[in-house]
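The values are calculated or read from the model by the stated rules, or taken from the named source; none is laboratory data. Model, not experiment: these values are computed from the prediction. Here the Cβ is made from the backbone with ideal geometry for all residues, glycine too, and neighbour counts use every protein chain on show. Quick note on the areas: whole protein, heavy atoms, side chains included, nothing else; ligands and nucleic acids left out. Shrake-Rupley method; radii C 1.70, N 1.55, O 1.52, S 1.80 Å.
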Amino acid sequence: MMTKRRVYAFQEDPYDFVYENIRMEHRILKDQNPCVYYGAKRLQYEFPTFCCMSGKTKLAHSPIPTELHQLFTRQEQLEESFRYNIRAYNSNFSFASLGVKVDKELANMTSGVYTFWAHGTLYHNIDQLISRDGKSRYLQLYFYDGEAEISQRSSWKNVDRRIIQKLTRILASNPYVRTFKRLSDLGPLDNYRVTLNASVELDQRVYNKLTTSEVAGIWVEGNDNITAYKRSIIVYGRSNYSTEIQPHFGCYDPLSYPLFFPNGESGWHPKIPRYGVAMDEINSDNEDNDEGSTSKKGRNTVSMQEYYCYKFQIQSNDNVILMGGRLFQQFAVDTYIKIETTRLVFVGKNQTKIRADLYQGVVDCFNVGEAQPSRVGPRVVLPASFIGGPRDMRRRFLDTMALVQDDGGLIYFLQ
């Protein structure tokens, strides 16, 4: 019996050229010597000033409680469960609520690689002392004692009671925790308010552990005889509005990320001196923006970007922030938005420095085809150095087109 065979004629793929000249070997970055100032690991092509501004940024290492360090590092089932649901545990013990619009297709636990992608900005708000609907949350959970607190926290989804018990022990010495715990002895909190110190100005080059007296003052509503803080967050027993924590407040990080700042240590604030600068050399000018304090010799304080560049480095000692998994993603996105927001505030207040008046004339508006009278007049102009701004994107586009002219057409275009 004859077997029939089919012969297929394969045509050459006309788009096969896109696979030509593709590198088959891996491109591995060369090892670099660690930072000579404090031993941070450096990567190839990274500027030597990126990690610590050539020694100008120097912050003390805050000790991490042993039990918390084990939760971040041990490879047992309980610790792995903690790291998998770390955002739930941080939210459980956080003093402030998080308001953010997250891309649910990327930030989910069921499919693909988890990615925290935020749209717009993030808000950290502190609510009133008394629960509005009878369900306590965030700072209101600290008013319970012992088993009552653990039971309230354990009722949340995706949390383990054993981990809740551990974290309760770990955070017992946190000055913010101790402050709110003291309120439980005062009885009904309707007529009370708490003033949180928003400008803790400790010298972060030498670790200063906060005390309760440096964090908050408590008094009855209407009794203002006790000295209030210069800049503070006031939390009322009952209020129609929540209080937003501003990005330049030193308590922004410890109130929102207690698992990364378990000792209540202050985050970035505008009056952190650079190495070699005394505390009394820093003035109070422009303390509410990223520019901080300057002198005739130049900047003498650590900027927000410099502070977090230092915090995110791979150091010789253990940095639990980098072990935070999904919480680290949230913290990194939060930090970037925080820096960008502060820069926008600075640009809006310093339009004369970038000569914004050159772009605000009626003739300029007419030349670009603006037909709506409401849009003619003063407006905020972003400098070309602002990443993501119109002038920055236009510059990047022109650079891309110059590369196309020199090296040929594009194969992939990523936005």
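Apply 1/(1 + (r/R0)^6) to the Cβ-Cβ distance of L106 and D145, taking R0 = 51 Å, and write down the FRET efficiency to the nearest 0.05.
0.80
Can you tell me what the convex hull of the Cα atoms of region 81-201 projects to on average, as an area in nm²?
Result: 9.5 nm².
Accessible area per residue of region 75-142 at 1.4 Å probe, in Å²?
Per-residue accessible area for region 75-142 comes out at 51 Å².
Are any of the pairs K135/K311; K101/K349; K41/K157; K30/K56 more than 31 Å apart by Cα-Cα distance, and if so, which?
K135/K311; K41/K157
Go through 249-256, 269-276 and give me the packing order, highest mean Cβ count within 10 Å leading.
Result, highest mean Cβ count within 10 Å first: 249-256, 269-276.
Taking the simple approach of a point 7 Å from Cα along Cα-to-Cβ for both Q305 and D133, what is their distance in nm?
Output for this residue pair reads 4.2 nm.
Testing the spin-label approximation: label points 7 Å from Cα along Cα→Cβ at H26 and H61. State their distance in nm.
In this crude spin-label approximation the distance works out to 2.9 nm.
Based on the Cβ-Cβ distance of Y241 and A332, what FRET efficiency does E = 1/(1 + (r/R0)^6) give at R0 = 22 Å, to the nearest 0.05?
The calculated FRET efficiency here is 0.15.
Sort 239-245, 129-135, 150-156 by packing, meaning the average of other beta carbons within 10 Å per residue, with the highest value first.
150-156, 239-245, 129-135
Pop a pseudo-label 7 angstrom from the Cα along the beta-carbon direction at both W156 and F346 and give the gap in nm to one decimal.
In this crude label model, W156 to F346 measures out at 3.4 nm.
Pop the C-beta distance of V380 and H119 into the FRET formula with R0 = 22 Å and round what comes out to the nearest 0.05.
0.55
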